[in-house]
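Structure record follows, encoded as structure tokens.
The values are calculated or read from the model by the stated rules, or taken from the named source; none is laboratory data. Model, not experiment: these values are computed from the prediction. Please note: Cβ atoms are built from the backbone with ideal geometry, for glycine as well, and neighbour counts cover all protein chains shown. Keep in mind that these areas ignore ligands, DNA and RNA; they rest on the heavy atoms of the full protein, side chains included. Shrake-Rupley method; radii C 1.70, N 1.55, O 1.52, S 1.80 Å.
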Amino acid sequence: MLVLHGAPGPVSTVPLVEHLAAGHRVLAPTHPGWEDTVRPATLDSVAALAAVYHDLLDQQCLDDVTVVGTSFGGWVAARMAVDDRARRISRLVLMDALGPEIPGQPVTMPSGPPLGAPAGPGAPTTRGGPPAQMLATLRAYTGPDLHDAALLPSLSTVACPVLAVWGTNDTAVTPDFGRAYAAAFPHGRFELVHGAGHLPIREKPEAVFRLLDTFLATPGVHS
């Protein structure tokens, strides 16, 4: 399992990594530029970051890999699937992922306090936006538009099964965005997590685990 985090950083995927690690070998890298790591100037696009993770799979001779990406990490995961010439990726899981340009569905970054910051008595902390520094790093990869206009038609080349998990209350990338995203894959499946926003793995983890475990137990597509 390769788990790719979103803009809030590795902390946002801790429940997911811990759940998967009970039965799988899990790689959960920190994207260059997060957690005080250096982002080389050559890493200036999602495609470049996806190539780094393809190199990681190649170096470790890993096949039959499930790639799971949340938010921005889902964009990287989708790019990896499109560029998977060696067919090392056997399944793809996208959770409230960014990436394609969906007509009529603009991407809106979450607002409010950063993940985990106090937001007042009784206010949820999981629906806030990432810190300003992380937003700057994010845009170094994504550019100002927060989408890749060429990605959506490219998804038709992805042969592996795809699960798209979406929070019903996500205002950053809406469920309609997610439905269109999933429908662009030949073997895409869309599932809603009721009562969750942009980070269902933190807001409704048990519901996400049920969907994920069912998907992982389902026989894959052979091309």
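Taking H as built 1.01 Å from N, whose amide H comes closer than 5 Å to the amide H of residue 163, not counting residues under 5 places away?
Close amide H contacts, sequence-distant or interchain: 92, 93, 94, 189.
Classify the range 1-116 from the C-alpha gyration tensor, please: rounded if a/c falls under 1.5, else prolate or oblate depending on whether a/b exceeds b/c. Write down the numbers at each step before the final one.
Details: a/c = 1.39, a/b = 1.24, b/c = 1.12.
Because its axes are fairly even, with a/c under 1.5, the range 1-116 counts as rounded.
How much length, in nm to one decimal, is gained on full extension between residue 51 and residue 21, taken as 0.36 nm per residue of separation minus their Cα-Cα distance?
Gain on extension, residue 51 to residue 21, equals 8.4 nm.
Rank by packing, highest mean first: peptides 74-87, 184-197, 53-66, with packing defined as the count of other Cβ atoms within 10 Å averaged across residues.
The most tightly packed comes first, giving 74-87, 184-197, 53-66.
Which sequence of 96, 145 reflects their accessible areas, 1.4 Å probe, from the largest down? If you can, show how the numbers build up before the last one.
Details: 96 0, 145 105 Å².
My answer, sorted largest first, is 145, 96.
For the chain, take the alpha-carbon Rg, divide it by the Kirkwood Rh, and send me Rg/Rh.
0.93
For residue 148, list long-range residues whose amide hydrogen, built 1.01 Å from N in the peptide plane, is under 5 Å from its own amide hydrogen.
When sequence neighbours closer than 5 places are left aside, the close amide H contacts are 99, 101.
At a Förster radius of 25 Å, what calculated FRET efficiency corresponds to the Cβ-Cβ distance of residue 90 and residue 39, to the nearest 0.05?
With R0 = 25 Å, the Cβ-Cβ based efficiency is 0.30.
Mind listing the long-range amide H neighbours of residue 89? Cut-off is under 5 Å, sequence gap 5 or more, other chains count too, H placed in the peptide plane at 1.01 Å from N.
65
Which whole-Hz couplings ³J(HN,Hα) result when phi for each residue of the range 146-161 is put into the Karplus expression 6.51 cos²θ - 1.76 cosθ + 1.60, θ = phi - 60°, listed in order with x for Gly and Pro?
Computed from phi, the couplings for the range 146-161 are 6, 7, 10, 5, 8, 6, 3, x, 6, 5, 5, 8, 7, 8, 7, x Hz.
Whenever you get a sec, line up 214, 70 from highest to lowest accessible area (probe 1.4 Å, protein heavy atoms). All intermediate terms of the calculation are to be shown ahead of the outcome.
Working: 214 75, 70 5 Å².
Ranking 214, 70 by accessible area, largest first, yields 214, 70.
Less than 10 Å Cβ to Cβ from residue 88, Lys/Arg counted +1 and Asp/Glu -1: what total charge do the surrounding residues give?
On the way: positive: 85, 87; negative: 58, 63, 64, 84.
Net local charge, residue 88 excluded: -2.
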